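The values are calculated or read from the model by the stated rules, or taken from the named source; none is laboratory data. Keep in mind that this is a model prediction, so the values were computed, not measured. Cβ sites come from the backbone with ideal geometry, for glycine too, and all protein chains shown count toward neighbours. These area figures cover heavy atoms from the full protein model, side chains too; ligands, DNA and RNA do not enter into them. Shrake-Rupley method; radii C 1.70, N 1.55, O 1.52, S 1.80 Å.
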Amino acid sequence: YEQYARWGSQSKNIEGSFNYAGVADPVVDALIDKMLAVHGQAEFVSIVRALDRVLISGHYMVPIYYQPEQWIAYWAH
């Protein structure tokens, strides 16, 4: 159930969830459902790889730092 907390649509707006990127995609939800229902390792690996490709293609950004000022480096020589 960890994948629901990290990538599932229902966890997008829950404060304290690990869905920092705000993923809310029905394809991701369907792949997580399939991943939890599968019984064979080969099919599991295929579904996990598909989930990985969908997440990578989503272009999500997780802000990890905020600097209210802009720093510029220059050489006065």
**Study point:** Residue within region 40-57 that is in a loop (DSSP other than H, G, I, E, B), at positive phi and of a type in the set (G, A, S) present
**Key:** no
Exercise for review: Could you give me the residue pairs with C-beta distances under 6 Å whose first residue belongs to region 51-72 and is over 15 Å from Y20 (Cβ atoms), whose second residue is not basic (K, R) and not in a loop (DSSP other than H, G, I, E, B) wherever it lies, and which are 6+ apart or on separate chains?
Suggested key: L51/L31; V54/V27; V54/V28
**Study point:** Complete set of residues in region 47-77 that are farther than 15 Å from Q3 by Cβ and open to solvent by less than 70 Å² (accessible area, probe 1.4 Å)
**Key:** Q67
Review point. Residues of region 6-24 being over 10 Å from the mean Cα position of the chain (by Cα) and either open to solvent by less than 50 Å² (accessible area, probe 1.4 Å) or over 18 Å from G58 (Cβ atoms) (or both), which ones?
Key: S9, S11, I14, E15, G16, S17
Point to revise | Number of positions in region 25-46 that are of a type in the set (A, V, I, L, M, F, W, C) and either without any contact (Cβ under 8 Å) to a residue 12 or more places away in the chain or open to solvent by 80 Å² or more (accessible area, probe 1.4 Å) (or both) | key: 7
Exercise for review: Scan region 25-39 for residues that are in a helix (DSSP H, G or I), more than 28 Å from P63 (Cα to Cα) and among the β-branched types (V, I, T) and jot them down.
Suggested key: none
